[in-house]
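I have placed the structure first, in the form of structure tokens, so that the comments after it can refer back to it.
The values are calculated or read from the model by the stated rules, or taken from the named source; none is laboratory data. Small disclaimer: the values here were computed from a predicted structure and weren't measured. Here the Cβ positions follow ideal geometry from the backbone for every residue, glycine too, while neighbour counts run over all protein chains shown. With ligands, DNA and RNA removed, areas are computed over all heavy atoms of the protein, side chains included. Shrake-Rupley method; radii C 1.70, N 1.55, O 1.52, S 1.80 Å.
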Amino acid sequence: MGTSENKFEKLTLYVGDLDSSVDDSELYTTFNEITHDVSSVKICRDRNTGSSLGYGYVNFNHGSKAKTAMEMLNFYKLKGKPMRIMFSERDPSKRRGGRGNVFVKNLDESIDNKQLSDMFSAFGKVLSCKVVRDASGVSKGYGFVQFYSELSVNIACNVRNGTLIRNQHIHVSPFVSRRQWDESRVFTNVYVKNLAETTTDADLKMIFEVFGEITSAVVMKDKEGKSRMFGFVNFEKAEAAVTAIEKMNGIVVDEKELHVGRAQRKNNRIQDLKDIFKLEKIKRDMRTRKGMNLYVKNLDYSVDNTKLQELFSEFGTIISCKVMVHSNRISKGVGFVEFSTSEEASKAMLKMNGKVVGNKPIYVSLAQCKEEHKLHLQTQFNNLPWNVVSSTIAPSPHQHPIFSQAVAPATMLSPQPPFRGYNFQSYFMCGSRMPNSCPPMSIPNTMVPQPFCPTLYPPAPPVGLYHSLPLPLLQPNLWNIYRRI
């Protein structure tokens, strides 16, 4: 099994850095003209768009022909772009492990893949070599070299690191994956923010060179060449980077306060900020539970942080004081005052609750976190003293359906669950003095909680009392006791 796999690997070449317009037939022709031994080619494409991914594979019938093709066509320009050729590695763990990889930075823009390979070929067998470029093909100033053995990596780093090539000192170090770099606590790259617009690379290096040897210092610029007012400083030693952060963070340079920290990717920076905010919330909730933080409501719009602190300063030591404002800086009418002890907070709450400040009585209570406040409101709502029971009214067979208000006995009513909610307040509806009219009655309003009070009516006469009259004409005699004369 292992022999067949190795044989397959030696018969297949990986071809990278291909132009997007190169198709299978052109790739086949290029390799077959040299070896006349190509069995098949495959350019990898996007599943959705069908566009080339910039790399492909070439299969040969004989391993010696594959080796010859790699030696002759490596860095050969196909449609203006030099190809990068190496034997295919089918094991993903070996491809992504970074074994034998060297990271090279601070390269001159004129250095290409072949020149970088020639630079390091003296230290051992080079499997792959690449200078990273942007979308327009301009070098980003760094690249990677992969050796066959780890020994070549150590020799190359010791010999080439710091050498002057085309008026630039290159930095050579063993390759570290992004995951390893993110998890490592040792770092040399420092992020500097809030720089002046006139700050240059030389100025940035001059500011930080007192903390140790600097390998590179760059101020980031936009497409028009204007400063984006942040940059990066990379030190030779990690201790110098830590010292620079401790000494320079918060220092004012050119009338601007600098923010200096470890250089991180955006995702790591966001995660660190989330962790910091979460820790601060835990600390704030702990102080709230101890009864040291007060919530102040119904503040006048003229009350700001200073005024609020003056109002509560007589009761003890204030740790923090803040009036909440909208995005337009107008007060929301609420704020928070935190004392050093719970006794001071209790005293301030007793004295200041209901006090008139700026023609408005303020409300002061212990601050609660959002979850506790929501639970408190829910508990209050559940304990409100209303129990409106909706009951079923059975119509009487002795009355007209419109006026059927007789109530069934209590034993005939099925138990109903209590209804909680808002009902309209009932209002009075006057009766008419006309004959055959209905009596005055109270119509319930279903938006205000109302206790259930059944309306009592006189008993209906026997069914057979008036045989000659239609049923509706029985009503005047039925409601006779309600008539006003």
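Quick check on region 301-315: of everything there that is modelled with pLDDT of 90 or more and assigned to a loop (DSSP other than H, G, I, E, B), which residue is surrounded by the most Cβ atoms within 10 Å (Cβ to Cβ)? The residue in question is V303.
To keep it simple, each residue is scored yes or no on (1) among the charged types (D, E, K, R); (2) in contact with a helix residue (DSSP H, G or I) (Cβ under 6 Å, 6 or more places away or on another chain).
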site	(1), (2)
V126	no, yes
G137	no, no
F144	no, no
V153	no, no
R179	yes, no
V186	no, yes
V192	no, no
L195	no, no
T200	no, no
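Considering only region 232-252, I want to know if a residue exists there that is under 30 Å from A367 (Cβ atoms) and not in a helix (DSSP H, G or I). Within region 232-252 (the criterion being under 30 Å from A367 (Cβ atoms) and not in a helix (DSSP H, G or I)), the answer is yes, since at least one residue qualifies. For S391, the conditions (1) modelled with pLDDT under 70; (2) open to solvent by 70 Å² or more (accessible area, probe 1.4 Å) all hold with the exception of (2). Taking the criterion of being open to solvent by 60 Å² or more (accessible area, probe 1.4 Å), outside any helix (DSSP H, G or I), basic (K, R) and over 14 Å from K193 (Cβ atoms), would at least one residue in region 270-283 satisfy it? No, region 270-283 contains no residue that is open to solvent by 60 Å² or more (accessible area, probe 1.4 Å), outside any helix (DSSP H, G or I), basic (K, R) and over 14 Å from K193 (Cβ atoms). Of the numbered criteria (1) surrounded by 13 or more Cβ atoms within 10 Å (Cβ to Cβ); (2) free of Cβ contacts under 8 Å to residues at least 12 places away in the same chain; (3) part of a loop (DSSP other than H, G, I, E, B), the one S327 fails is (1). Being more than 30 Å from K247 (Cβ to Cβ) and either surrounded by 16 or more Cβ atoms within 10 Å (Cβ to Cβ) or modelled with pLDDT of 90 or more (or both) is a condition met by no residue of region 180-202.
Scanning region 332-352 for residues being open to solvent by 50 Å² or more (accessible area, probe 1.4 Å) and touching a helix residue (DSSP H, G or I) at 6+ places or on another chain (Cβ under 8 Å) gives a total of 2. Among the strands (runs of 3 or more DSSP E) confined to region 109-194, the ones with at least 2 residues that are touching a strand residue (DSSP E or B) at 6+ places or on another chain (Cβ under 7 Å) and more than 22 Å from F235 (Cβ to Cβ) are located at 126-133, 139-147. In region 253-263, of all residues being outside any strand (DSSP E or B) and open to solvent by 60 Å² or more (accessible area, probe 1.4 Å), the one that is nearest to S173 (Cα to Cα) corresponds to D254. The set of residues in region 353-384 being under 16 Å from I319 (Cα atoms) and open to solvent by less than 50 Å² (accessible area, probe 1.4 Å) consists of A367 alone.
Being aliphatic (A, V, I, L, M) and surrounded by 13 or more Cβ atoms within 10 Å (Cβ to Cβ) narrows it down to one of V233, V210, so name that one.
That would be V233, the only listed residue that is aliphatic (A, V, I, L, M) and surrounded by 13 or more Cβ atoms within 10 Å (Cβ to Cβ).
Residues that are at pLDDT 80 or above, farther than 30 Å from L204 by Cα and among the polar types (S, T, N, Q) within region 255-300 comprise N293, N298, listed in sequence order. Yes or no: V131 surrounded by 13 or more Cβ atoms within 10 Å (Cβ to Cβ), within 16 Å of N101 (Cα to Cα) and without any contact (Cβ under 8 Å) to a residue 40 or more places away in the chain? Yes.
Per this entry, T341 is counted among residues that are of a type outside the set (K, R), modelled with pLDDT of 75 or more and within 30 Å of Q309 (Cβ to Cβ). Taking region 22-108 and the helices (runs of 4 or more DSSP H) fully enclosed by it, the elements with 2 or more residues that are among the β-branched types (V, I, T) and surrounded by fewer than 17 Cβ atoms within 10 Å (Cβ to Cβ) are at 24-35.
Across region 213-230, the qualifying residues are those that are assigned to a loop (DSSP other than H, G, I, E, B) and open to solvent by 50 Å² or more (accessible area, probe 1.4 Å), and the one among them that is nearest to K105 (Cα to Cα) is E213.
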